[in-house]
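Colleague: What follows is a structure written as structure tokens; I'll ask about it next.
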Amino acid sequence: MNRLLLMLANRANLRLLEETLAVRYTATPFDESRYRGSLRSCDLVIVDGVMLERYMDAISQAKQDALPTFLPVLLVTSRQGAGLATRNLWRSIDGVMLTPIQRVDLQAWVEVMLRTRQLSLELYQRNQELETFVHAVTHELRAPLRAMTGFAEAVMEDAGLPTDSEPFRYLQRIAEAAQEMKRVLDSLLTFTRLGREVEIQPVWLKPLIDICLRELEQEITRTMAQIEYSLQCEVVESDALLLKTVMNNLISNALKFRFKERPVYVHISAYPRGEFCRIEVQDNGISIPPEDTERVFAPFTRLHGVEEYPGVGLGLSIVKKAVTSMNGRCGAVSRLNEGSTFWIELPLTEDNGDESAIDR
């Protein structure tokens with residue numbers, strides 16, 4: 001039976017809700033004397049204006065703790081108190097029911113809220129099952145892939161085949177294909193796990209980008225790339241590890257998809273755009289056809305052959321999933337034969353942040 005938490009200071013409304021809802025649900029009045037800083041587990045919170053003002057932080061925290069599932073909150077208020085709902089709607093409230101309470105309206109609101117809650121629980125369960133399936137499949141495939149690689153390399157070493165012979169090249173291709181399949185499995189696991197636990201906090205951009213450049217130093221040196229950045233935004237609201245994953249992917253893509261005959265140049269910029277910080281990674285590499293600038297963010301999308309540009313086609317999908325998990329957005333623009341600019345937008349913060357956040 002669904003569990004409802006009734007947080008109403010108005011005794012008459014509380015009694016009406018208890019009488020109406022107790023027939024079909026477990027409706028428990030909120031006991032302030034037993035409150036210890038967190039709300040009890042439930043499927044729906046029904047609150048009035050007085051209690052909303054008093055326990056706003058607790059309600060917001062309960063909704064945050066329920067993620068990635070949805071914990072609905074229904075506000076019961078008078079028309080005069082509707083302004084309260086407007087001020088707090090973005091933080092905690094999912095629906096507003098005006099007084100005087102009509103039993104039919106109450107039943108309809110509760111059913112809609114609980115149905116939405118149930119759908120979120122079912123979606124979460126299916127995602128968990130999918131992740132378990134992917135993990136099991138990748139685990140089972142790793143053993144034969146290791147065997148393929150090991151036996152192919154053993155034959156190449158022990159058989160004394162000339163390196164320019166056809167059998168040697170076949171064995172080499174087997175080993176390379178097995179390694180490529182392993183990279184696909186690793187990327188698939190990363191994609192399914194991404195965003196499962198997100199910790200939004202102020203993150204300093206410059207130290208984070210410096211870490212990314214240090215991690216990509218070998219590739220930067222190999223391509224003799226010139227990388228510059230200009231940051232008008234210092235701090236953004238994001239998850240430090242997810243943002244680092246995003247920047248690593250965008251910068252490494254700029255290094256990978258380059259013209260072989262052109263010196264590599266990458267410019268990273270960050271500047272305010274309304275309530276967001278827009279971070280751009282601009283390169284002078286190969287361009288993307290205009291009709292493909294959205295499609296490249298789909299999983300396993302490749303615009304070029306693996307022989308020319310290696311990869312599994314999940315890098316930009318990981319970027320999109322990570323940015324979406326951080327309440328942001330992303331996109332790309334491209335100029336024929338001049339290069340591409342990949343951008344993300346994340347909420348700005350007025351907090352100076354804590355540089356230790358990049359090292360979580």
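The values are calculated or read from the model by the stated rules, or taken from the named source; none is laboratory data. Just so you know, these numbers come straight off a predicted model, no measurement behind them. All Cβ positions, even for glycine, are placed from backbone atoms using ideal geometry, and neighbour counts span all protein chains on display. Ligands, DNA and RNA are excluded from the accessible area calculation, which covers all protein heavy atoms including side chains. Shrake-Rupley method; radii C 1.70, N 1.55, O 1.52, S 1.80 Å.
Colleague: Treating the angle as unsigned and between 0 and 90°, give the value, to the nearest 10°, between the Cα long axis of helix 240-256 and the longest Cα principal axis of the chain.
Modeller: Orientation of helix 240-256: about 30 degrees from the principal axis.
Colleague: Still on this model: Based on the mean of other Cβ atoms within 10 Å per residue, sort peptides 210-222, 285-297 so the most packed one is first.
Modeller: Most protected by this proxy first, the peptides run 285-297, 210-222.
Colleague: Could you work out what % of the accessible surface of the chain is carbon and sulfur, using a 1.4 angstrom probe and leaving DNA, RNA and ligands out of the count?
Modeller: 52 percent
Colleague: Can I ask one more? Would you please calculate the Kirkwood hydrodynamic radius of region 113-185 over all C-alpha pairs and express it in Å, rounded to one decimal?
Modeller: For region 113-185, inverting the mean 1/r across all distinct Cα pairs yields 15.1 Å.
Colleague: If you don't mind, another one. Two decimals is fine: what's Rg over Rh for region 234-282, C-alpha atoms, Kirkwood radius as Rh?
Modeller: My calculation of the ratio gives 1.05.
Colleague: Could you give the size of the charge dipole of region 129-174 about its Cα centre, using +1 on the Cβ of each K and R and -1 on the Cβ of each D and E, expressed in debye and rounded to the nearest 20?
Modeller: 40 debye
Colleague: Take the Cα coordinates of the chain, assign each an equal point scatterer, and use the Debye formula without solvent to give log10 I(q)/I(0) at q = 0.07, 0.13, 0.14, 0.15 Å⁻¹.
Modeller: -0.47, -1.09, -1.18, -1.25
Colleague: May I ask for the percentage of alpha-carbon pairs in region 86-232 that lie more than 21 Å from each other?
Modeller: The answer is 74 percent, as a whole percent.
Colleague: For Lys320, list the lysines whose Cα falls under 25 Å from its own Cα; do not include residues on the same chain fewer than 8 positions away.
Modeller: Straight-distance partners of Lys320: Lys63, Lys182, Lys206, Lys244, Lys256.
Colleague: Provide the net charge surrounding Arg103, with neighbours chosen by a C-beta distance below 14 Å and charges set as Lys +1, Arg +1, Asp -1, Glu -1.
Modeller: That sum, taken over residues with Cβ under 14 Å, equals -2.
Colleague: Taking only the alpha-carbon positions of region 166-270 and ignoring solvent, what does the Debye formula give for the base-10 log of I(q)/I(0) at q = 0.10, 0.20 Å⁻¹?
Modeller: Per q value, in the given order, log10 I(q)/I(0) is -0.42, -1.12.
Colleague: Under a Cβ-Cβ limit of 4.7 Å, which cysteines in the chain have nobody to pair with?
Modeller: So, Cys42, Cys212, Cys330.
Colleague: Counting each pair of different Cα atoms once, what's the Kirkwood radius of region 40-165 in Å, rounded to one decimal?
Modeller: 18.8 Å
Colleague: Antiparallel versus total DSSP beta bridges in the chain: what percent is that, nearest 5?
Modeller: Looking only at bridges with both residues in the chain, the antiparallel portion is about 55 percent.
Colleague: Rounded to the nearest 10 degrees, what's the angle between the helix 315-325 long axis and the longest principal axis of the chain, both from Cα atoms, 0 to 90?
Modeller: Taking Cα atoms only, the helix is inclined about 20 degrees.
Colleague: Take the Cβ-Cβ distance between Gln118 and Ser165 as r, set R0 to 51 Å, and report the resulting FRET efficiency rounded to the nearest 0.05.
Modeller: 0.20
Colleague: Measuring with a 1.4 Å probe in the full set of protein chains, what accessible area per residue, in whole Å², belongs to the chain?
Modeller: Normalised by residue count, the accessible surface of the chain is 56 Å².
Colleague: Any idea what the alpha-carbon Rg over 2.2 N^0.38 Å comes to for region 1-58?
Modeller: 1.07
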